[in-house]
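The values are calculated or read from the model by the stated rules, or taken from the named source; none is laboratory data. What you see is a predicted model; the values in this text were computed from it and never measured. Every residue, glycine among them, receives a Cβ derived from its backbone with ideal geometry; neighbour counts consider all protein chains shown.
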Amino acid sequence: MKLEKIRFCPDGEEPVDFFVLEQTRVAGVDYLLVTDSEEEDGEALILEDNSKPEDTESIYTIVSDETKLEALAGIFEDLLEDVRLV
């Protein structure tokens, strides 16, 4: 399966390419589950869309709050299981 690739450009750092595994919307906020490798041994992160309607590009931050991270990880786990069952 070919994964969508996005470029994450942290302030003052080199751009990093991520592959989107899944996406969801919770309480009106978009989240992406991404990995740094198309292979199964990549590191996974959850990105939160902090864009404003007037922004021309999406602005994402890495979710680091443990409570939010655990809740979102559970949601993405369920979504990925649903994809495998289809």
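The set of residues in segment 21-38 that are over 18 Å from residue 51 (Cα atoms) and either small (Gly, Ala, Ser) or within 9 Å of the chain's Cα centre (by Cα) (or both) comprises 21, 22, 35, 37.
The residues of segment 39-50 include none that are over 14 Å from the mean Cα position of the chain (by Cα) and surrounded by 10 or more Cβ atoms within 10 Å (Cβ to Cβ). Hey, can you tell me all the residues within segment 52-86 that are of a type in the set (S, T, N, Q), under 23 Å from residue 5 (Cβ atoms) and more than 14 Å from the chain's Cα centre (by Cα)? If the condition is that a residue be of a type in the set (S, T, N, Q), under 23 Å from residue 5 (Cβ atoms) and more than 14 Å from the chain's Cα centre (by Cα), then 56 is the only one that fits. Cβ-Cβ contacts under 6 Å between residues 6 or more apart (or on different chains), taken from a first residue in segment 41-52 that is acidic (Asp, Glu) to a second residue that is modelled with pLDDT of 90 or more and outside any strand (DSSP E or B), are listed as 48/63.
Selection over segment 1-18 of residues that are closer than 14 Å to residue 61 by Cβ and part of a loop (DSSP other than H, G, I, E, B) gives a count of 4.
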